[in-house]
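Following: one structure in structure tokens, then a few remarks.
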Amino acid sequence: MRMLLIFFSLLLSHSALAEINVELQKKLLAMEFEDQEIRKNIMKFGAGKVPQALLDKAHKIDDRNTKKIKDIVAGNGWPTKELVGVEGVSAAFIIVQHSLDLNFQESMLSNLGKSYERNEGISGQQLALLTDRVLLARGKKQTYGTQVAVENNEIIFKPIEDKKIVDKLRAKMKMPPLAFYKKVMEEAYGIKDHPDIDLD
């Protein structure tokens, strides 16, 4: 009995000693900040009006961040919330989501899937977003309806594999129905005001 108590005591001590890798977390958050800042600048322009120099700068940032996240994954595996906190995992996801390397994005899907199943920091929505992005880039229809386009000041969903069950699939990933998601997108793009939706 005493040996069991000592064993569990050692386990708890080991868990208590496990700390977030602050340096790695800072690195991921810095990458995310750069990613988001350039996109905020791009959003100031209307569709088709973004200066090419700004787009080129965004591509360089995405390329540089992709190389960095590849090195991180190669050295540490896919980041977990225990390693870099939820904020760090979210930052890693954003970098992968905005990567210009489709093969790399596709290769990360299994990591994100495991992270979601093990509650290691990836949300169902994040997994769905990358899944749909990869499917569409491969010329297939999306599964969860996360990808939209704006046409004539209207939110248009890119082709969905099965509209009859999309809301059920979204529910499994803890996501709201498609109709509500469309309202969120309308609010985000400034197309329609929905008082019941607060994006802040």
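Couple of notes before you dig in:
- Output for the stretch 48-64, where each listed residue is surrounded by 10 or more Cβ atoms within 10 Å (Cβ to Cβ) and either outside the structural domain of residue 105 (by TED's automatic domain parsing) or among the small types (Gly, Ala, Ser) (or both): 58
- Filter result for residue 113 (in contact with a Phe, Trp or Tyr (Cβ under 8 Å, 6 or more places away or on another chain), surrounded by fewer than 20 Cβ atoms within 10 Å (Cβ to Cβ) and under 24 Å from residue 160 (Cβ atoms)): no
- Test: residue 83 is in the same structural domain as residue 25 (by TED's automatic domain parsing), closer than 22 Å to residue 34 by Cα and part of a loop (DSSP other than H, G, I, E, B): no
- Any hit, the stretch 150-170, residues being within 29 Å of residue 87 (Cβ to Cβ), touching a residue at least 12 places away in the same chain (Cβ under 8 Å) and in contact with a Lys or Arg (Cβ under 7 Å, 6 or more places away or on another chain): yes
- Only one of the numbered conditions (1) of a type in the set (A, V, I, L, M); (2) part of a helix (DSSP H, G or I); (3) surrounded by 15 or more Cβ atoms within 10 Å (Cβ to Cβ); (4) not assigned by TED's automatic domain parsing to the domain that holds residue 69 is violated by residue 155, and that is (2).
The values are calculated or read from the model by the stated rules, or taken from the named source; none is laboratory data. Because the structure is a prediction, the values reported are computed rather than measured. Don't worry about glycine lacking a Cβ; one is built from the backbone with ideal geometry, like all the others, and counts go over all protein chains shown.
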